[in-house]
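Notes for the one structure printed next.
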Ligand code: RIB
Ligand code: CA
């Protein structure tokens, strides 16, 4: 039985690889892609989503532009990581296809209203502005969401945009707070996991030798964005953040963690966007429900074997 998903995204090279992995996986039915401002402004994340569908030759999948700014804060972007276009690497042609007229938030609400409860999974790969806006505008859809698998947060790995916070949560902490408190079944894939799946040179050469255009394009994206992380962490390669969300949906056994309480800091400027994860269960269960499955480890080799096997199926 295929699982129906909506990918909510701010492409971003790692978002792009996540989308390609989903499009190459028969277990998943991508019913739409909603874009959000994050790595780069909304006009660019939306254009990038269209380009990615053209790379995969899956132009029938609809793209809906969502929110162009966080709920309450000024947008913070990450061109320093992803480049001015947000998808620096091999230059891709201007997309021939266009986004739908409907707003991304309205699309999410409509899909949840029209489908049976427990059949739609949301896969946010960027700031949670669209997801939180849908919950605020149409609270009745919250109980209909099957689950949310999101890339975001950090605890033992600490922050990547500030010492305390991971980028997706940092950009819109109020949105993340709404989602964490929603009562929806949530699996969080934090930097603690994504920093275990590094694009080592060996893995990049596997991508380059996949034997298709997709492999070349993906390798060029990784070549571009890994330089930032290698400089910062002195690591052999960069963390492939967002594809972990899709890999988890396909092969959950590649990841493991525990059900804990996670709360988002929204008041302090110093620790804005910090995902406070009670990994050792020191808070009172009454006050602090175990609202999130917080993943902490990944089988990196298994993840990359899955990625190579699936990307090979694309053009
Ligand atoms: O912190 C990593 C996350 O921020 C990833 O989703 C990346 O694409 C950026 O959005
Ligand atoms: Ca992202």
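The values are calculated or read from the model by the stated rules, or taken from the named source; none is laboratory data. Values in this document were obtained by computation on a predicted structure and should not be read as measured data. All Cβ positions, glycine included, derive from the backbone under ideal geometry; neighbour counts span all protein chains shown.
Some values worked out for this structure:
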| quantity | calculated |
| --- | --- |
| Within the range 63-180, helices (runs of 4 or more DSSP H) holding 2 or more residues that are touching a helix residue (DSSP H, G or I) at 6+ places or on another chain (Cβ under 7 Å) and crowded, with 19+ Cβ neighbours inside 10 Å | 79-82, 104-114, 129-137, 173-180 |
| Subset of the range 269-285 (residues that are more than 13 Å from residue 258 (Cβ to Cβ) and surrounded by 15 or more Cβ atoms within 10 Å (Cβ to Cβ)) | 271, 272, 273, 274, 275, 276, 283 |
| Residue check for residue 174: within 16 Å of ligand 2 (Cβ to nearest atom) and either without any contact (Cβ under 8 Å) to a residue 60 or more places away in the chain or under 18 Å from the mean Cα position of the chain (by Cα) (or both) | no |
| Residues located in the range 20-47, provided they are within 24 Å of residue 119 (Cα to Cα) and surrounded by 23 or more Cβ atoms within 10 Å (Cβ to Cβ) | 20, 21, 22, 23, 33, 34, 35, 36 |
| Subset of the range 201-259 [within 15 Å of ligand 1 (Cβ to nearest atom), buried (at least 19 other Cβ atoms within 10 Å of the Cβ) and outside any helix (DSSP H, G or I)] | 238, 239, 240, 241, 242 |
| Residue match in the range 81-95 (condition: out of contact with any strand residue (DSSP E or B) (no Cβ under 8 Å at 6 or more places or on another chain), under 19 Å from residue 175 (Cα atoms) and more than 15 Å from ligand 1 (Cβ to nearest atom)) | no |
| Hits in the range 286-315 - residues which are assigned to a loop (DSSP other than H, G, I, E, B), out of contact with any helix residue (DSSP H, G or I) (no Cβ under 8 Å at 6 or more places or on another chain) and either buried (at least 16 other Cβ atoms within 10 Å of the Cβ) or free of Cβ contacts under 8 Å to residues at least 24 places away in the same chain (or both) | 286, 287, 288 |
| Residue list for the range 188-216, restricted to those being more than 16 Å from ligand 2 (Cβ to nearest atom) and touching a strand residue (DSSP E or B) at 6+ places or on another chain (Cβ under 7 Å) | 192, 196, 198 |
| Cβ-Cβ under 8 Å pairs, at least 6 apart or on other chains, the range 215-233 side more than 15 Å from residue 15 (Cβ to Cβ), far side modelled with pLDDT under 80 and surrounded by fewer than 18 Cβ atoms within 10 Å (Cβ to Cβ) | 229/235 |
| Restricting the range 48-62 to residues that are in contact (Cβ under 8 Å) with a residue 40 or more places away in the chain and either within 11 Å of ligand 2 (Cβ to nearest atom) or crowded, with 24+ Cβ neighbours inside 10 Å (or both), the residue that is nearest to the chain's Cα centre (by Cα) | 49 |
| Unique match (being surrounded by 20 or more Cβ atoms within 10 Å (Cβ to Cβ) and more than 23 Å from residue 112 (Cα to Cα)) among 6, 17 | 17 |
| Residue that is farthest from the chain's Cα centre (by Cα) [pool: residues in the range 113-130 that are more than 16 Å from ligand 2 (Cβ to nearest atom) and touching a residue at least 60 places away in the same chain (Cβ under 8 Å)] | 115 |
